[in-house]
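One structure is given here, and the rest of the page talks about it.
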Amino acid sequence: MVGPERPQFVLFGSSIVQFSFSNEGWGAVLAHIYARKADIVLRGYSGWNSRRALQILDQVFPKDAAKQPSLVIVYFGGNDSILPHATGLGPHVPLSEYIENIRKIAIHLKSLSDKTRVIFLTAPPVCEKQIRARLSDIDMVRTNESCRIYSEACLEVCREMNLKAIDLWTAMQQAENWETACLTDGIHFTAEGSKIVVKEILRVIKEANWEPSLHWKAMVTEFSEHSPYDPVSEGKTVNVSEHHLLGDSPWE
């Protein structure tokens, strides 16, 4: 472990999470925004569904850990929503089971500590035309309608449990030409798609009545004090890193 100790934000989910540090992804953007404020920890598992997530939940989030995360952002649903395969194989999880899995994941995460906050991301939309063109060799069927159903189910569980949730299925489709602007292969995000995810995450964090606040502008910047080694301007030292972090930013 390295110090000083910072708050941890854990990103937990399937490929939408695993790939979030590539292609100007939303995980990388969060790491940039929270530089010197919080550590963004990646726990993404491509191809996984909520059923598989439950099996390893105690290993990823042990209740007896010396330090518990300040925030966990969870995404499972897109793979669960894939239509059943004739063989019975594949990542599909029936809707009723998916609902219970999300509930169990939420209960476990809430039990980690009184200060652990949780945000669920719903299944985003998919572009079926792109999927057929780019992933035609994969014998699984994804539909945007199925994503909607699982997205709404996730939102309903979060409402029942008083948890924060982000409706990616709706938010992403507000963008102009969202099919090509937001998705690389009909499923995964472009840089523009990731910007929408970041914007929604920061909005929820900013609006949340959490103490302490986890919004980046409210958090302490590590080693932000002025130093005689800082650059000099008009006879005064200037803390360039602090100015960069707290100055004008496209993120709120």
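The values are calculated or read from the model by the stated rules, or taken from the named source; none is laboratory data. This structure is a prediction, so every number in the text was calculated from the model and none was measured. Cβ: placed from backbone, ideal geometry, glycine included. Neighbour counts: every protein chain shown. Keep in mind that these areas ignore ligands, DNA and RNA; they rest on the heavy atoms of the full protein, side chains included. Shrake-Rupley method; radii C 1.70, N 1.55, O 1.52, S 1.80 Å.
Structural remarks
- The range 192-205, residues that are open to solvent by 20 Å² or more (accessible area, probe 1.4 Å) and either farther than 12 Å from I119 by Cβ or free of Cβ contacts under 8 Å to residues at least 12 places away in the same chain (or both): E192, K195, I196, K199
- Restricting the range 21-30 to residues that are over 8 Å from the mean Cα position of the chain (by Cα) and crowded, with 23+ Cβ neighbours inside 10 Å, the residue that is farthest from V118 (Cα to Cα): G25
- Leading residue by the ranking (least open to solvent (accessible area, probe 1.4 Å)) among those in the range 48-71 that are of a type in the set (A, V, I, L, M) and assigned to a loop (DSSP other than H, G, I, E, B): I56
- The listed residues are V93, V74, and the only one of them that is closer than 30 Å to R132 by Cβ, in a strand (DSSP E or B) and either without any contact (Cβ under 8 Å) to a residue 60 or more places away in the chain or within 15 Å of the chain's Cα centre (by Cα) (or both) turns out to be V74.
- Where a residue in the range 8-23 is outside any loop (DSSP other than H, G, I, E, B) and its partner, wherever it lies, is charged (D, E, K, R), with Cβ under 6 Å and at least six apart: Q8/D39; V10/R43; F12/R43
- Breaking point among (1) open to solvent by 30 Å² or more (accessible area, probe 1.4 Å); (2) closer than 18 Å to A153 by Cβ, for Y45: (2)
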